[in-house]
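Notes for the one structure printed next.
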Amino acid sequence: MTKQLESDICLEVCVHDTLVQQVKKQLPPADQMLALSDLFKVLGDFTRIRILEALLVSELCVCDLVTVLGMNQSAVSHQLRVLRSSKIVKFRKEGKNVYYSLDDHHISHLISQGFEHISEG
């Protein structure tokens, strides 16, 4: 075993049963953790992050998003469907146009905290 690997693991097995039980009791149910994992997978796409950053500034119609992102409408619409199905964005129709915005304030907090995290040190 290399020195680096030895420093990353316990060299002696010792399970702290009381602490382990306390932690297990406080873990969210598996289905909730899976849903959170799925949310982060959706947020883990560069194009979708760009869309969300634009929507943090303002509600935008699809045509505006296409222009802001410099992408074609088909590609933007596909990403918006993914975001909509994950309840990250919502839309409203006004005449022949469709306007998108963030579904709720939690999404803006997630993005802001993510940027705060990557900006540290």
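Read-outs: derived from the displayed coordinates by stated rules, not from any lab. Because the structure is a prediction, the values reported are computed rather than measured. Using ideal geometry, Cβ is built from the backbone for each residue, glycine included, and neighbour counts are taken over all protein chains shown.
Can you name the residue in the range 74-121 that is of a type in the set (S, T, N, Q) and in contact with a strand residue (DSSP E or B) (Cβ under 8 Å, 6 or more places away or on another chain) and is also surrounded by the fewest Cβ atoms within 10 Å (Cβ to Cβ) among such residues? Walk me through it before giving the result.
Residues of the range 74-121 that are of a type in the set (S, T, N, Q), as a first pass: 74, 77, 79, 85-86, 97, 101, 108, 112-113, 119.
Checking the rest, the ones that are also in contact with a strand residue (DSSP E or B) (Cβ under 8 Å, 6 or more places away or on another chain) come to 97, 101, 108.
Details: N97: 11, S101: 15, S108: 14.
Per the stated criteria, the residue is N97.
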So is S37 in a helix (DSSP H, G or I), small (G, A, S) and free of Cβ contacts under 8 Å to residues at least 12 places away in the same chain or not? yes
Check on I118, in contact (Cβ under 8 Å) with a residue 60 or more places away in the chain and in a helix (DSSP H, G or I): no
Tell me, yes or no, whether the range 84-102 has at least one residue that is part of a loop (DSSP other than H, G, I, E, B) and more than 24 Å from F40 (Cα to Cα). yes
Please determine, by comparing only the residues of the range 40-83 that are touching a Phe, Trp or Tyr at 6+ places or on another chain (Cβ under 8 Å) and outside any helix (DSSP H, G or I), which one is nearest to S101 (Cα to Cα). E59
